[in-house]
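Reading through the structure tokens given below for one structure.
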């Protein structure tokens with residue numbers, strides 16, 4: 001009985017998200033088996049929730065991005081959680097994955113096995129952290145800041161302002 005009620009609430013929430021007004025080429029919800037087998041085209045944005053069962057790619061995702069492999073080409077904001085998070089643009093929020101790769105600017109917390117960021121702002125927590133530039137703190141086994149860090153390579157922690 002409780003599980004049926006929970007499923008009903010989840011269905012109601014997804015239905016409400018699907019009818020939210022969104023600009024053209026931006027959809028509220030995306031479900032993707034692997035790109036291009038998805039509800040929303042890869043070049044469009046998702047404003048609320050994306051669930052990628054194997055691989056999902058969209059221009060941007062806001063609020064919640066869950067999946068095995070999550071790929072955004074311009075922006076990811078909110079929670080991004082998967083096995084691999086790959087962002088060609090900017091990230092703002094919380095990333096949790098075995099591998100986080102951010103080619104643009106990251107603002108927030110990246111937590112994983114390996115974190116790679118071009119320009120990181122905030123906190124990186126992983127076994128291996130790499131940032132070309134960092135305005136924040138790294139905590140992990142090996143912490144690398146290519147330009148302007150406390151040390152170029154440091155064990156346990158590294159930081160830069």
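Derivation of every value follows stated rules applied to the coordinates shown; laboratory data play no part. Predicted model only: the values in this text are computed from it and were never measured. Cβ coordinates were reconstructed from backbone atoms using ideal geometry, including for glycine residues, and neighbour counts include every protein chain displayed.
Given the criteria touching a strand residue (DSSP E or B) at 6+ places or on another chain (Cβ under 7 Å), surrounded by fewer than 17 Cβ atoms within 10 Å (Cβ to Cβ), within 18 Å of residue 31 (Cα to Cα) and without any contact (Cβ under 8 Å) to a residue 24 or more places away in the chain, does residue 54 qualify? Full working, then the answer.
Working: touching a strand residue (DSSP E or B) at 6+ places or on another chain (Cβ under 7 Å): yes; surrounded by fewer than 17 Cβ atoms within 10 Å (Cβ to Cβ): yes; within 18 Å of residue 31 (Cα to Cα): yes; without any contact (Cβ under 8 Å) to a residue 24 or more places away in the chain: yes.
The answer is yes for residue 54.
The one condition from (1) assigned to a strand (DSSP E or B); (2) crowded, with 18+ Cβ neighbours inside 10 Å that residue 40 does not meet is (1). Here the condition is being under 12 Å from residue 31 (Cα atoms) and over 9 Å from the mean Cα position of the chain (by Cα); of 63, 46, it holds for 46 alone. Of the residues making up the stretch 136-161, those that are crowded, with 16+ Cβ neighbours inside 10 Å and assigned to a strand (DSSP E or B) number 12.
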